[in-house]
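Written out below as structure tokens is the structure these notes cover.
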Number of protein chains: 2
Amino acid sequence: MESPQQRRDRRRAEKQQAIRRAAVRIALDQGVEAATVEAISAAADISPRTFFNYFASKEEALSPDPPWRPEEFVGLLTGRPGDEPVFESLKAVAREFVVRIRPAMEDLEPFVELRRRHPELAAKARAVDETKVLESLLGAVRSRPGVTGPMHARLLVIATFGAAISAVQESVLSGEPAEELLEEAFTLLERGL
Amino acid sequence: MESPQQRRDRRRAEKQQAIRRAAVRIALDQGVEAATVEAISAAADISPRTFFNYFASKEEALSPDPPWRPEEFVGLLTGRPGDEPVFESLKAVAREFVVRIRPAMEDLEPFVELRRRHPELAAKARAVDETKVLESLLGAVRSRPGVTGPMHARLLVIATFGAAISAVQESVLSGEPAEELLEEAFTLLERGL
DNA sequence: TGCAGACCTTGCAGTCCGTGCAATCGTTGC
DNA sequence: GCAACGATTGCACGGACTGCAAGGTCTGCA
């Protein structure tokens, strides 16, 4: 049986998705400037005040649900065996990143289109998360054996993270599986550009 | 002699810098939430309306003047000889990036501190520019000979761009010259991580 | 059935960012 | 001294977002 708490959580998630769909629909049909909180709320049949019970900002409603929180992402790295080569650990994290995103891949389409038209949309929320993740990963990588210096650490992080993002983006464009693209990227990074 | 137009431009630039300093000072002394447009304007002795004649957004006043515009940045790449190996072209662009930032390096300090405390600040403006630059570079790189596929192009761009950013960041932290750090990064990328 | 507590929704009032418009003021060139 | 141009400002407005308090709805329990 479903507990009342689970029930509440589920309904909340459903409602959030409904609001999000309404928001994206308006933004795609009539342009972002038409997607005011008021308009979105009306379309989702809630009051404007309630909108902010579901999203901290308008942009959040126009962005896909992130499949991971920054903290757990870093936990993935620190949870790896300490004697594993750094690059292998990072590869594992990047693979997990891609795997997590995959189920949402199809629902991602409208958001990709929306972001294509309005690059400034995701900018804020994403940039904050990204820098947070990158810095945390960097902190974890520095202390690993086999890292020859600060620049080595930075490149390792930015390259694997970049490879993961690139694989997902390219996969959305070309339809090729992101996992294969990611492995291709790893090979390039290992052999040198 | 200075033409009246030059004079106007210079005074405008000076005033903009003055406003910016006032903004950063308030944000560092009293926290960002205290740095309202009204407070900044009062400190800079202008009306709030005038503030927006100098900056398109409050965040812009709390961010350093970008030393390059996205377009010219891409022009640097397309202006390179077509038979030059891609990686060499990208390296040249990255070097130019670092060189351009260097003169502003000292003035950068308060902004670095400010961003350390409030990562969300630069997020918006920067992320927009960044994705714009990355996509343009990507478009220019794809068509170059020697690029073995879409993932190769993506990695080339993100790695060299990431190397440039990393070099600047690390230079601010450690004091080592960004140019040397950049070359170190190139070597790592060429040899493989 | 009815009541108490938890959670949800909403309206209201208020702050802040950002913009278009039009009046005013100062500077420049003639 | 006057006409043209740019800079500064006030005013009025739209839109995002928040805290608070009043109601409404659901759930468990007697």
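Is there a residue in segment A:8-21 that is modelled with pLDDT of 95 or more, outside the structural domain of residue A:111 (by TED's automatic domain parsing) and within 11 Å of DNA strand D (Cβ to nearest atom)? No.
For segment B:1-29, a residue qualifies if it is closer than 29 Å to residue B:116 by Cα and within 12 Å of DNA strand C (Cβ to nearest atom), and the qualifying residues are B:23, B:26, B:27.
Please go through segment B:142-160 and pick out each residue that is touching a residue at least 40 places away in the same chain (Cβ under 8 Å), within 11 Å of another protein chain (Cβ to nearest Cβ) and surrounded by fewer than 22 Cβ atoms within 10 Å (Cβ to Cβ). If the condition is that a residue be touching a residue at least 40 places away in the same chain (Cβ under 8 Å), within 11 Å of another protein chain (Cβ to nearest Cβ) and surrounded by fewer than 22 Cβ atoms within 10 Å (Cβ to Cβ), then B:146, B:147 are the ones that fit. Checked against the criterion of being part of a helix (DSSP H, G or I), within 28 Å of residue A:121 (Cα to Cα) and not hydrophobic (A, V, I, L, M, F, W, C), segment B:167-175 has at least one qualifying residue.
Scoring residue A:66 on the criteria (1) in contact with a Leu (Cβ under 9 Å, 6 or more places away or on another chain); (2) within 18 Å of residue A:120 (Cα to Cα); (3) more than 9 Å from DNA strand D (Cβ to nearest atom) leaves a single failure, condition (1). Within segment A:36-59, the set of residues being within 6 Å of DNA strand D (Cβ to nearest atom), part of a helix (DSSP H, G or I) and over 23 Å from the mean Cα position of the chain (by Cα) comprises A:37, A:38, A:49.
A single entry from B:88, B:96 fulfils the requirement of being part of a helix (DSSP H, G or I), more than 10 Å from DNA strand C (Cβ to nearest atom), open to solvent by 50 Å² or more (accessible area, probe 1.4 Å) and more than 14 Å from every other protein chain (Cβ to nearest Cβ): B:96.
Of the residues screened, residue B:31 is not one that is exposed (fewer than 13 other Cβ atoms within 10 Å of the Cβ), under 25 Å from residue B:142 (Cβ atoms) and either in contact (Cβ under 8 Å) with a residue 24 or more places away in the chain or more than 19 Å from the chain's Cα centre (by Cα) (or both).
Scoring residue A:187 on the criteria (1) in contact with a helix residue (DSSP H, G or I) (Cβ under 9 Å, 6 or more places away or on another chain); (2) within 11 Å of another protein chain (Cβ to nearest Cβ); (3) under 22 Å from residue A:91 (Cα atoms) leaves a single failure, condition (1). Pairs meeting the criteria (first residue in segment A:3-17 and open to solvent by 80 Å² or more (accessible area, probe 1.4 Å), second residue at pLDDT below 95, beta carbons under 8 Å, at least 6 apart or on different chains) are A:10/A:2.
The values are calculated or read from the model by the stated rules, or taken from the named source; none is laboratory data. Just so we're clear, the structure is a prediction, and the values are computed from it rather than from any experiment. Counting neighbours? That spans all protein chains shown, and the Cβs are built from the backbone with ideal geometry, glycine included. For the accessible areas, the whole protein counts, side chains as well, though only heavy atoms, and no ligand, DNA or RNA atoms are used. Shrake-Rupley method; radii C 1.70, N 1.55, O 1.52, S 1.80 Å.
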